[in-house]
Amino acid sequence: MVDRINSHIQQYNYNTIQRAKNVTMPSNNVQAVSVPSFTSAKPVPMTATGQTQNLNLRTTLSGKDETQKYTFLSSKLDKNNRKVLDTLLKNGVLLNCESNDKSTVLDNLYKIATEPRAEGLSADGILKDTIATIAYPYVITQKFGDIPKKYRQQAIAQNNEGKTNYFDIQQGKQDIDVDLSGTCVAASTEFKLAKQQPAEFSRFANELSSPKLSVDKKIELKNLADNTLNAIWLLNAFEIPYEMHNFSDAKLKFAPDKNALLRAQIQTTDKDPYERTPLDVLMQSTFMQIGSEQSYNTITDKRGGKFNQNDKGLIEFEKTFTESVVFDKNILSVTYQTVDENARLVGYETDLGTMKRHIVQALEMGENVIIGYTETDNNNIIINGHEITIVGYKTDNKGKMTFICNDTDDNISKPIEYSEDYFLPKIHHAALPQEIVEKDLNIVPNWIEGIEMYKEMKREAAQQNNPTQVQQSQVA
């Protein structure tokens, strides 16, 4: 894999990908099915845009401490990985310090190599995976992989812990074999973090693979909601452990679910090609926990939670919250498609030109844009939803645009390209910086819709439990 990464670092090879495979990520509780193949137009001269990263570039080691750390890491790596490490130094990534605690990529790689890892994880393996992922984030995948015979009884026992019903126990035995994962939101978040904030990614990698299996992050509450009370409501609704010492920010604790370590241990010893690395497991499990109100189970790739009636994936509201706290940014999820109560695509909230402008502006701000797209049948009924990341665009000499994207579920460690005519009509929603869209559209922030949805759910539950009391309180 390292040789492949070295090649990709030198020159990205953007190719059109023929896709005809099953993927999953229910969008607005839609069950996922197959995605048809896509063929682009003939190659034409193009200019690529939106591919640069806003990194605090420093390419020379400074002082004895950095030199010692770099020398030690080099001694732990083989020839090919040393080349990747050297490339990270020369392109300014290794000494980037844009992390929550101002630690550099180098600092965190050194901690991975020298400090204990969680039980059953390899320090050398986590180190190499972190370096590879930062150097070329397109290696990230959401494919789970099988559970070998030597781990099956342990996986079944963990999954059935506390169950007494015979049918639940039998179902629990079957659920440990995951064919299609619902972690595309989490994998896209992992990709964006590695590509856009490598220092923060390496900090997450170090902390999540450490014996404490968690990472703390300080965020500004204004990036969640318009006032402190609403931001606190969101944190409580998503059941995120947090501490507050003032009314402007909070320290959040992110952690994978209790079954994630077993999956990571399995991938440490029995990873097959195109399957997730142990690092992928820990990252994606953590992001699924954040979005699913701490209800995710990595053994089965299923979730509970209060906002999603489907037991796979994350819905738009959950995705937006996850992205907002992970990146500590005021992210708005803009819904572009109009869908009726029968899951039929009936129109668009804005014209495609405005949609394109929003995405391009975000890319030119240095943002990678995670979007949810849909597939419809001949009756315009939505039959599939999936999340991918737009990382850039190219314009041909006739002004036609091609979007450069990353898909974590295509078994191909390269960007893919979609022409604007094919791609834009399929975009259901996009996560965008607030300043881009607030002047164009009368958007109700996602958290407001989430609060109203939760209140309605509580009212319905209360009415079912005590309809007379609810009616009296409404009259009063």
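Filter segment 133-156 down to the residues that are touching a helix residue (DSSP H, G or I) at 6+ places or on another chain (Cβ under 7 Å), part of a loop (DSSP other than H, G, I, E, B) and buried (at least 21 other Cβ atoms within 10 Å of the Cβ) and list them by number.
Y136, I140, T141, Q142
Test of understanding: among N96, N159, N100, which residue is within 27 Å of Y274 (Cα to Cα) and surrounded by 13 or more Cβ atoms within 10 Å (Cβ to Cβ)? Give the derivation first.
Details: N96 fails: within 27 Å of Y274 (Cα to Cα); N100 fails: within 27 Å of Y274 (Cα to Cα).
Going through N96, N159, N100 in turn, just one is within 27 Å of Y274 (Cα to Cα) and surrounded by 13 or more Cβ atoms within 10 Å (Cβ to Cβ): N159.
Among the residues of segment 375-382, is any without any contact (Cβ under 8 Å) to a residue 60 or more places away in the chain, assigned to a strand (DSSP E or B) and not charged (D, E, K, R)?
Yes, segment 375-382 contains a residue that is without any contact (Cβ under 8 Å) to a residue 60 or more places away in the chain, assigned to a strand (DSSP E or B) and not charged (D, E, K, R).
What's the number of the condition N384 fails, among (1) farther than 30 Å from R344 by Cα; (2) open to solvent by less than 20 Å² (accessible area, probe 1.4 Å)?
(1) is the only condition that N384 fails.
For L213, only one of the following conditions fails: (1) closer than 16 Å to I290 by Cα; (2) crowded, with 24+ Cβ neighbours inside 10 Å. What is its number?
(2)
On the given criteria, is K458 open to solvent by 60 Å² or more (accessible area, probe 1.4 Å), farther than 24 Å from K319 by Cα and at pLDDT below 95? Before you say what the answer is, go through the steps one by one.
Values: open to solvent by 60 Å² or more (accessible area, probe 1.4 Å): yes; farther than 24 Å from K319 by Cα: no; at pLDDT below 95: yes.
Judged against the criteria, K458 is not a match.
Among the residues of segment 320-348 satisfying the criterion of being polar (S, T, N, Q) and either modelled with pLDDT of 95 or more or crowded, with 19+ Cβ neighbours inside 10 Å (or both), which is farthest from S188 (Cα to Cα)?
Going through segment 320-348, the residues polar (S, T, N, Q) turn out to be 320, 322, 324, 330, 333, 335, 337-338, 342.
After this cut, where a residue has to be either modelled with pLDDT of 95 or more or crowded, with 19+ Cβ neighbours inside 10 Å (or both) as well, the list is 320, 322, 324, 333, 335, 337.
Values: T320: 12, T322: 11, S324: 14, S333: 15, T335: 18, Q337: 21 Å.
Restricting to residues being polar (S, T, N, Q) and either modelled with pLDDT of 95 or more or crowded, with 19+ Cβ neighbours inside 10 Å (or both), the top hit is Q337.
Check segment 308-315 and report whether any residue there is among the small types (G, A, S) and modelled with pLDDT of 95 or more.
Of the residues in segment 308-315, the ones among the small types (G, A, S) are 313.
Now narrow it down to the ones that are modelled with pLDDT of 95 or more: none.
No, that holds for no residue.
What tally of residues in segment 387-417 results from selecting those that are part of a strand (DSSP E or B), under 23 Å from G182 (Cα atoms) and either open to solvent by 10 Å² or more (accessible area, probe 1.4 Å) or among the β-branched types (V, I, T) (or both)? I'd like the intermediate steps shown before the answer.
Initially, segment 387-417 is screened for residues part of a strand (DSSP E or B), giving 387-396, 401-406, 416-417.
Now narrow it down to the ones that are under 23 Å from G182 (Cα atoms): 387-391, 404-406, 416-417.
Narrowing further to those that are either open to solvent by 10 Å² or more (accessible area, probe 1.4 Å) or among the β-branched types (V, I, T) (or both): 388-391, 404, 416-417.
Final tally of qualifying residues: 7.
Across segment 338-359, what is the number of residues that are part of a loop (DSSP other than H, G, I, E, B) and without any contact (Cβ under 8 Å) to a residue 12 or more places away in the chain? Step through it out loud before you land on a result.
Taking segment 338-359 as the starting set, the residues that turn out to be part of a loop (DSSP other than H, G, I, E, B) are 340-343, 349-351.
From what is left, the residues that are without any contact (Cβ under 8 Å) to a residue 12 or more places away in the chain are 340-341, 351.
So the count comes out to 3.
Residue pairs, Cβ under 9 Å, 6 or more apart or interchain, first in segment 97-111 and in a loop (DSSP other than H, G, I, E, B), second hydroxyl-bearing (S, T, Y) and modelled with pLDDT of 95 or more. List them.
C97/S103; C97/T104; S99/S202; S103/S202; T104/S202
Taking the condition modelled with pLDDT of 95 or more, surrounded by 20 or more Cβ atoms within 10 Å (Cβ to Cβ), within 30 Å of G385 (Cα to Cα) and over 19 Å from the mean Cα position of the chain (by Cα), does Q267 pass? Show your work before the answer.
Details: modelled with pLDDT of 95 or more: yes; surrounded by 20 or more Cβ atoms within 10 Å (Cβ to Cβ): yes; within 30 Å of G385 (Cα to Cα): yes; over 19 Å from the mean Cα position of the chain (by Cα): yes.
Considered against the rule, which asks whether it is modelled with pLDDT of 95 or more, surrounded by 20 or more Cβ atoms within 10 Å (Cβ to Cβ), within 30 Å of G385 (Cα to Cα) and over 19 Å from the mean Cα position of the chain (by Cα), Q267 comes out as yes.
Looking at segment 169-180, is at least one residue among the polar types (S, T, N, Q) and surrounded by 23 or more Cβ atoms within 10 Å (Cβ to Cβ)? Working first, answer last.
Quick first cut of segment 169-180, residues among the polar types (S, T, N, Q) only: 170-171, 174.
Next, from what is left, pick out any that are surrounded by 23 or more Cβ atoms within 10 Å (Cβ to Cβ): none.
No, that holds for no residue.
State which residue pairs qualify: first residue in contact (Cβ under 8 Å) with a residue 40 or more places away in the chain and in a helix (DSSP H, G or I) and inside segment 69-94, second residue open to solvent by 50 Å² or more (accessible area, probe 1.4 Å) and of a type outside the set (F, W, Y) in any location, beta carbons under 7 Å apart, and separation of 6 or more residues or different chains.
Partner pairs satisfying both residue conditions: K76/D124; N80/D3; N81/K128.
The values are calculated or read from the model by the stated rules, or taken from the named source; none is laboratory data. Please read all numbers here as calculations on a predicted model, not as lab measurements. Please note: Cβ atoms are built from the backbone with ideal geometry, for glycine as well, and neighbour counts cover all protein chains shown. Just so you know, the surface numbers come from the protein's heavy atoms only, side chains and all, with ligands and any DNA or RNA stripped out. Shrake-Rupley method; radii C 1.70, N 1.55, O 1.52, S 1.80 Å.
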